[in-house]
Amino acid sequence: MATARGLGILSLLATAAALPAQWGFVTTAQPPGDRAGASMVFDVATNRMLLFGGNATSELWSFANGGWTQLTPSTTPSPRARCTLANDPIGGQVLLYGGLGGSQFALDDTWTWTGTDWQQVSAAATPGGLYRHAMAFDGARQVFVVYGGRYNSWMPGQALAGTYEFANGTWTTMLPVTSPPGLVDAAMAYLYTQGVMVLFGGEDPSSTAIGDTWLYDGTTWTQFVGSGPQPPARVAARMVPVLSRGVVMLSGGLDPVTMQIFNDTWEFDGTTWREVTGVYAGMYPPRHDFAMAHDIVRDRVVAFGGEIQNGGLRSDTWEYGAQFQPFGLSCLGSAGAPQLALGALPRIGTTCVVDLQNLVPTMPVAAMAVGLSRTQWPLGNLPALLTPLGMTGCRAYTSAELIVPLVASAGTASWSFTFPTSASLFGDTYHLQGLSLDPNWNPAWLVTSNAATLIVGH
């Protein structure tokens, strides 16, 4: 536990300038292979992410408890890319529509996920086969909405302007008075606080990326005109609703003219676009045509894969929210290598806990160094070799503005701090490293653990 003085100093550190964005890489074993054009949703019924398709495959993967698992349902849609998945976060229904198959014509099939298997829906009056379209679930009207897309991969300048709705096994072609231009690769999500569908970006029939925001209330589309900053024009970005905060979140995408890949994140509450900024504002490397969804149970936005510069594909997993990111190497001590382990994430309004493990079992005390930098400290650059200070072979990884004494027992000590409920703390970043008392092991009687970056978030 931190001392009263330590808590006071850390409270002062917590008033440092915020870095609001909170993307962090998640280390996973045996993830899906490199791919773009996959689609992902959160399956409420089974409390896990579902990832389907991409690279014209029919693979289905689940992501839960920090790990990926390939599922093998007895029935599965045919291989495809750039289909769409959407879910009803309350009722739990998961819907799949369209995508591009091997014939280079868009598929016109509709599927639902039962929790264990795919079931094809025999629906009339379908959209006619689409890919690179947008789809999301309207929570107020309890319908799935589809907009735009293409019929095939070979006809130039094809960007459709149709609006379709699906409910109770039936597709309906909608005829709104006003519509956006025909678009492919637009991003769409439902804004629950305002009861409207939000559509952003996409490529029009002249192959120009647009930066317009459109709102759909079930009757007509209305173009949003805001006075403040708005996201630049792009295609193949991803946008998801974040129910806990009453916003939709947009990330990534591509300018098809300059080929610039955006590495930014924006939030929209129905009246204002707000860019979240800072070191962790996006995924690295930047990407488009990736999969993204919101885990409503853990309140984490999860992203996977996508296409990066020069056409490279990725198979990495990222999460948006509070982060614990270990880095660096421990220094071997008499009881092994001390290690930092997460107890509870640094979320605002809650208590963050980090355990320091593999300490000398008989030692009753340890310490945690807390700093604002992992590149500089009073003695110069980081990481820094600590051999001159008597810690042979050990390295410092944090600027260590604060050293918090900890009570140790049976080889473990815990550091904790309760972050106030204040939006100004989102994105604040701290770097931790443990110190283990190890008599006679080296001249300083101290060894160091690995380090970890904490990013305060949701």
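Just so you know, all these numbers are worked out from the coordinates, no wet-lab data involved. Because the structure is predicted, anything quoted here is derived from the model rather than measured. When we count neighbours, we look across all protein chains shown, and the Cβ atoms used for this are built from the backbone with ideal geometry, even at glycine.
Things worth noting here:
- Phi angles of segment 303-308 translate, via the Karplus equation with coefficients 6.51, -1.76, 1.60 and θ = phi - 60°, into HN-Hα couplings of 10, 9, x, x, 10, 10 Hz per residue; Gly and Pro are given as x.
- Paramagnetic reach from SER103 in segment 135-170 [backbone N under 12 Å; point 7 Å along Cα→Cβ]: 152
- Rh by Kirkwood over Cα pairs, then Stokes-Einstein D for segment 23-319 at 1.002 mPa s and 20 °C, µm²/s: 114
- Other residues within the sphere of radius under 15 Å centred on the Cβ of LEU85, judged by their own Cβ, net out at 0 (K and R +1, D and E -1).
- Sites SER153 and LEU243 - FRET efficiency at Förster radius 35 Å, r taken between beta-carbons, to 0.05: 0.50
- Extension gain, SER424 back to LEU329 (0.36 nm per residue minus Cα-Cα distance, nm): 31.0 nm
- On Cα atoms only, tilt of 4-13 relative to the major axis of the chain in degrees: 40
- 13 Å beta-carbon shell around ARG141, net charge (K/R +1, D/E -1): -4
- Around ASN65: net Lys/Arg minus Asp/Glu count, Cβ-Cβ under 12 Å: +1
- Amide H contacts of LEU60 (H built 1.01 Å from N, under 5 Å, at least 5 apart or other chain): LEU71
- When each of the peptides 425-437, 72-84 is scored by how many other beta carbons lie within 10 Å of its residues on average, the order from highest to lowest is 425-437, 72-84.
- Table column - 3J(HN,Hα) (Hz), segment 212-222, Karplus curve with 6.51, -1.76, 1.60, x for Gly and Pro: 8, 10, 10, 10, 10, 9, x, 10, 8, 9, 10
- Virtual paramagnetic centre 7 Å along Cα→Cβ of VAL297, amide N under 20 Å, in segment 48-70: 48-52, 60-70
- Sequence ranges 357-367, 200-210, ranked by mean other-Cβ count within 10 angstrom, highest first: 200-210, 357-367
- Extension gain for THR277 to ASP217 (0.36 nm times residue separation, less C-alpha to C-alpha distance): 18.6 nm.
- Most to least packed among 332-342, 373-383 [average Cβ atoms within 10 Å]: 332-342, 373-383
- Taken one residue at a time, the phi angles of segment 374-391 give Karplus couplings (6.51, -1.76, 1.60, θ = phi - 60°) of 10, 10, 9, 9, x, 9, x, 7, 10, x, 10, 6, 9, 4, x, 9, x, 9 Hz. Gly and Pro are set to x.
- Nitroxide proxy distance, nm - points 7 Å out along Cα→Cβ at ASP255 and LEU71: 3.9
- Compared with the direct C-alpha span, the chain from ASN381 to ASP34 gains 121.3 nm at full extension, assuming 0.36 nm per residue.
- In terms of Cα atoms, the Rg and Dmax of segment 293-419 work out to 18.0, 56 Å.
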